[in-house]
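Novice: Before anything else, here's the structure in question.
Throughout, read-outs are computed from the coordinates displayed, never taken from laboratory work. Since this is a predicted model, take the numbers as computed values, not measurements. Here the Cβ is made from the backbone with ideal geometry for all residues, glycine too, and neighbour counts use every protein chain on show.
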């Protein structure tokens, strides 16, 4: 055996090229091309929306953002109500979901009895995986009737005439509207935020939390003065990620917001968001200007979500997938 | 290095101990000749002017405290450092007279001649047979029986054949740690290299696996030149014919293992082999 | 003595605050769980109402007639598989590039960032984008455009999973490949991808789960089709859009079918998610 390996000159075979070596550049380029394709998709998305929306942008100018007229017959479009609707529903959804998500994450990390920890954690993650159209249907057929009967109607009859409450609760008590959409959105983004926060809390070194407990802190004090400051930056990122979801969510909102082009007068009034109006009208848009106005709305949504998501990613850093 | 370590009892001939003592390797035994090798990690100068010969069909151990550059030296010998940007080597490393640091050197060719085994065993995620055949298939078009013979030969040379011959098609990840490490040796040997580099190959192994691996190393030197980096002095003493002692990127002492361990000429090597530091 | 009382008092108040906090946390978790339970319950109750063998054997009916979802189910499966083939190829290559070929250049940092943003970009915008680049120029909605939109949503997920799991592979695995003189692409192809297979498959499954319920990007790409079709250049029936249309229709038959479809999608997605967790758990124990 060792004779076979005697000296280089005797070797039966002197390798010059390893097999497949010539394909190396091709593979490398293929990988780089795929990465570039993703980059190009993002750039293309931005450019195409702006380009498609250009007729509307150049016709209506800045007035697009202040006008609430949306009239396919006269071909005059203003995007104020869907833009405002998007911002309002997302803000309310975030305000509702954030405390719940935070408390859920804290419960899972600090208080949950061990045998329940995994099942509940998984349940929360499953909630995040349910397709949004299911939330929309559930909102329309199950939640909205109950909401109209047990919340909207009593509140509207309770609200004293002339008070701030009356203005807030203006609308038609049929279950759809701004607040319903916000609540459904909140239920949707709650698990996202909770799962990300939980992951963040778990990333804190055990010794940090243990030493806080070690000096006699109660769980509340540990969470408030150790856990939260430790992950503050990333936690804000997680919240922004949830906000990004809410801003762009389409189906869950389209079912329950009522789809009117007016500026909503109160929480129970119907309204629209950018994505709901695109979902409802784009496939049937007949005039080029109508389509262009919808694309401009899409461009606006792109800009808003891009800023929010970019901020979220910058705060979170690379490494959180939720 | 603290100044106090420089204070030594004067040797018998009243001469201060030399800073460096390198025994030349006889010219006809040299397989790899390292000449004025300098190595940089970015701005960090990791190897300073290292010159030594590595003999053929023998085991050369490189020892020294952590961070002395012994692994760096090893990683120059098959240019694996080239994977990482910012790392570069200057000087000459002659393999059978040919400078492997030359830009024109074909790297797969070099690496098929200079095999390497790492500290952590790295079985590929495939069967034991395919692991050993992996390198062979890259370079040679062997027919099935020939390939099987080569795999058996390599596994035998790594003293692993008897243990795995009945489960060649099982995943290599199911082998024990010691077996995995010898599998890596077999995988390197299957390409029929002329030099085998071992980077702390036994540091993650238990004593029994270590003993088996050391036996393997000693028997392999009939076929190839072996360079082993180790922090374990006993191991160097057991397996190697020559020992190089490095310190802070410099080659301090180099000679036959017996001489370096029993009669070190430099103060630092003496301190190190007698366990006074390191 | 008085100092001790002060501490006692203070910790008494602290205990109360803490107790309230614990209660709030439990309440919040309960709300989340109740929401999940309520959604699953209504899905099951309403979904099984419209469920039957005919769901799988008959095509979507005209209003007032009975029928099933066969064409929509097959269409969705076709769309998702077509999209996943593209997304896995694109995502694996891009993720490999990020992890293996260019870890720290400005361009790779940009691509990584863009990919992270794409991961959670509104899916309806992807639909609009594909409409502008693929539907309008070709003058027609098509299954191909729908698959393209879904692929653009799935690819970032696969990219991310591939990059993450490749980065977890030990450096020495690459080095021992290189040490044998193996061309780098063979190291990736035969060693790294194999070692990373579990994570990549998990990522692909999650991407599949995500796109199988996506509705918004299909509304104006694949559109919908009341009839059975596998022509990639024509509009194709698909579950999400069918559910959307049927649910918002005034016909009770259609609404029932919509619930059945929603049940089908939700459980497919949940099943994939559970499968992923089982795979991940098994991976940890090995």
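Novice: Please state the shape class of the range B:90-172: rounded when a/c is under 1.5, otherwise prolate if a/b exceeds b/c and oblate if not, all from the C-alpha gyration tensor.
Specialist: Taking the square roots of the gyration eigenvalues as a ≥ b ≥ c, the range B:90-172 is prolate.
Novice: Which percent, to the nearest 5, of DSSP beta bridges fully inside the range B:19-273 are antiparallel?
Specialist: Taking every DSSP beta bridge with both residues in the range B:19-273, the antiparallel ones total about 55 percent.
Novice: Right, next: Over all residues in C:131-140, what is the mean tally of Cβ atoms on other chains that come within 10 Å of each residue's Cβ?
Specialist: Rounded to a whole number, the mean comes out at 3.
Novice: Per the helix-only calculation at 222 nm, which mean residue ellipticity applies to chain B, given -39500 (n - 2.57) for every DSSP H run of n ≥ 4 and division by its residues, nearest 500 deg cm²/dmol? Could the numbers behind the result be given before it?
Specialist: Numbers: 10 runs with 93 residues, N = 278.
The per-residue figure over chain B is -9500 deg cm²/dmol.
Novice: Take the eigenvalues of the Cα gyration tensor for the range C:54-285, scale each by 5, and report the square roots as semi-axes in whole Å, largest first.
Specialist: Each semi-axis is the square root of five times an eigenvalue, giving 38, 20, 14 Å.
Novice: Quick one: among C:58, C:252, C:175, which has the greatest mean-square fluctuation in a GNM of chain C with alpha-carbon springs under 10 angstrom?
Specialist: C:175
Novice: Now for a different question. Calculate the FRET efficiency for residue C:277 and residue C:103 from the Cβ-Cβ distance with a Förster distance of 25 Å, rounded to the nearest 0.05.
Specialist: 0.25
Novice: From the helices alone, meaning DSSP H stretches of at least four residues, give me the mean residue ellipticity at 222 nm for chain C, per-run term -39500 (n - 2.57), in deg cm²/dmol to the nearest 500.
Specialist: About -23000 deg cm²/dmol.
Novice: How do A:252-260, B:98-106, C:138-146, C:107-115 rank on mean C-beta neighbours within 10 Å, highest first?
Specialist: Sorting A:252-260, B:98-106, C:138-146, C:107-115 by mean packing, highest first, produces A:252-260, C:138-146, C:107-115, B:98-106.
Novice: Quote the relative contact order of chain B in percent (integer), defining contacts as alpha-carbon pairs under 8 Å separated by 6+ residues.
Specialist: Normalised by residue count, the contact order of chain B is 28 percent.
Novice: Also: May I ask you to order C:88-97, C:26-35, B:139-148 by the average number of other C-beta atoms within 10 Å around their residues, highest value first? If you can, show how the numbers build up before the last one.
Specialist: Numbers: C:88-97: 25.5, C:26-35: 17.5, B:139-148: 13.5.
The peptides rank, most packed first, as C:88-97, C:26-35, B:139-148.
Novice: Among the DSSP beta bridges whose two residues both lie in the protein assembly as shown, what percent are antiparallel, rounded to the nearest 5?
Specialist: Taking every DSSP beta bridge within the protein assembly as shown, about 55 percent pair in antiparallel fashion.
Novice: Quantify how strongly other chains surround peptide A:307-315 by giving the mean number of their Cβ atoms within 10 Å of each of its Cβ atoms. Write down the numbers at each step before the final one.
Specialist: Values: counts 0, 2, 8, 4, 0, 3, 8, 2, 0.
So the per-residue partner count for this stretch is 3.
Novice: A further question follows. Determine how many Å³ per residue the convex hull of the Cα atoms of the range B:164-278 encloses. Write down the numbers at each step before the final one.
Specialist: Details: hull volume 14.2 nm³, N = 115.
Measuring per residue, one finds 123 Å³ for the Cα hull of the range B:164-278.
Novice: Another one. Would you calculate the separation in nanometres between label points at residue A:59 and residue B:170, each defined as 7 Å from the Cα along the Cα-to-beta-carbon direction?
Specialist: The two pseudo-label positions are separated by 7.4 nm.
Novice: Note down the nm distance, to one decimal, between modelled labels 7 Å out along Cα→Cβ at residue B:142 and at residue C:30.
Specialist: Placing both labels 7 Å along Cα→Cβ, they lie 7.0 nm apart.
Novice: For the Cα atoms of chain A, what angle does the longest principal axis make with the long axis of helix A:288-316, in degrees from 0 to 90, nearest 10?
Specialist: The two axes meet at around 60 degrees.
Novice: Pick from C:116, C:104, C:164: which is most flexible by mean-square fluctuation in a GNM of chain C where alpha carbon atoms under 10 Å apart are linked?
Specialist: Taking springs between Cα atoms under 10 Å, the residue moving most is C:104.
Novice: Another question, then. Under the definition of Cα pairs under 8 Å and six or more residues apart, what whole-number percent is the relative contact order of the range B:126-278? All intermediate terms of the calculation are to be shown ahead of the outcome.
Specialist: Details: 177 pairs, mean separation 28.1, N = 153.
Averaging sequence separation for qualifying contacts and normalising by length gives 18 percent for the range B:126-278.
Novice: Let me ask something else. How tilted is helix B:207-220 with respect to the longest principal axis of chain B? Cα atoms for both, answer in degrees (0 to 90, nearest 10).
Specialist: 90 degrees
Novice: Would you mind checking the tilt of helix B:144-157 against the longest principal axis of the Cα atoms of chain B, expressed as 0 to 90 degrees and rounded to 10?
Specialist: 30 degrees
Novice: If each Cα of the range A:227-275 is one equal point scatterer, what is log10 of I(q)/I(0) from the Debye formula at q = 0.32 Å⁻¹?
Specialist: -1.12
Novice: Can you sort B:171, A:272 so the residue with the fewest Cβ neighbours within 10 Å comes first? Intermediate results must be reported in sequence, preceding the final value.
Specialist: On the way: B:171 15, A:272 33.
Fewest-to-most ranking of B:171, A:272: B:171, A:272.
Novice: Could I ask something else about it? Between residue A:233 and residue A:157, what is the FRET efficiency for a Förster distance of 51 Å, r being their Cβ-Cβ separation, to the nearest 0.05?
Specialist: With R0 = 51 Å, the Cβ-Cβ based efficiency is 0.65.
Novice: Given the -39500 (n - 2.57) contribution per DSSP H run of 4+ residues, what per-residue ellipticity at 222 nm results for chain A, rounded to the nearest 500 deg cm²/dmol?
Specialist: Helix-only estimate at 222 nm: -20500 deg cm²/dmol.
Novice: Under the definition of Cα pairs under 8 Å and six or more residues apart, what whole-number percent is the relative contact order of chain A?
Specialist: 27 percent.
Novice: Which value in Å is the Kirkwood Rh of the range A:142-242 over different Cα pairs?
Specialist: Its Kirkwood hydrodynamic radius stands at 16.8 Å.
Novice: Tell me, Kirkwood radius of the range A:181-285 from alpha-carbon pair distances, in Å? Show your work: numbers first, answer last.
Specialist: Details: mean 1/r = 0.0611 Å⁻¹.
Averaging 1/r across every pair of different Cα atoms and inverting gives 16.4 Å.
Novice: Taking a virtual spin label 7 Å from the Cα of residue A:287 along the C-beta vector, which residues in the range A:71-96 bring their backbone nitrogen under 12 Å of it?
Specialist: Answer for this model: A:71-78.
Novice: I would also like to ask the following. Classify chain A as rounded, prolate or oblate, taking a ≥ b ≥ c as the square roots of the eigenvalues of its Cα gyration tensor: rounded when a/c is under 1.5, otherwise prolate if a/b is larger than b/c and oblate if not.
Specialist: Oblate is the answer for chain A, as a/c is 1.5 or above yet b/c matches or exceeds a/b.
Novice: Normalise the Debye intensity by I(0) for the range B:19-273, one equal point scatterer per Cα, no solvent, then take log10 at q = 0.07, 0.08 Å⁻¹ and round to two decimals.
Specialist: -0.23, -0.30
Novice: Along each principal axis of its Cα atoms, how long is the protein assembly as shown end to end? Whole angstroms, biggest number first, please.
Specialist: Cα spread of the protein assembly as shown along its principal axes, largest to smallest: 112, 86, 55 Å.
Novice: Another question about this same structure. Quick one: if you take sqrt(5λ) for each eigenvalue of the C-alpha gyration tensor of the range C:112-237, what semi-axes come out, biggest first, whole angstrom?
Specialist: Each semi-axis is the square root of five times an eigenvalue, giving 37, 15, 13 Å.
Novice: Under the Kirkwood approximation for Rh and a Cα-based Rg, what ratio Rg/Rh is obtained for the range A:50-118?
Specialist: That ratio is 1.39, to two decimals.
Novice: Same structure, new question: Of the candidates C:20, C:158, C:132, which one comes out as most mobile in a Gaussian network treatment of chain C with C-alpha springs shorter than 10 Å?
Specialist: Largest GNM mean-square fluctuation: C:20.
Novice: Between residue B:40 and residue B:241, what FRET efficiency follows from the Cβ-Cβ distance if R0 is 22 Å, with the result rounded to 0.05? List each step's numbers first, then the result.
Specialist: Working: r = 31 Å, r/R0 = 1.39.
Result of the calculation: an efficiency of 0.10.
Novice: Would you tell me the mean number of C-beta atoms belonging to other protein chains that fall within 10 Å of each C-beta in A:119-130, as a whole number?
Specialist: Numbers: counts 1, 4, 0, 3, 6, 4, 3, 8, 7, 2, 11, 12.
Averaged over the peptide's residues, the number is 5.
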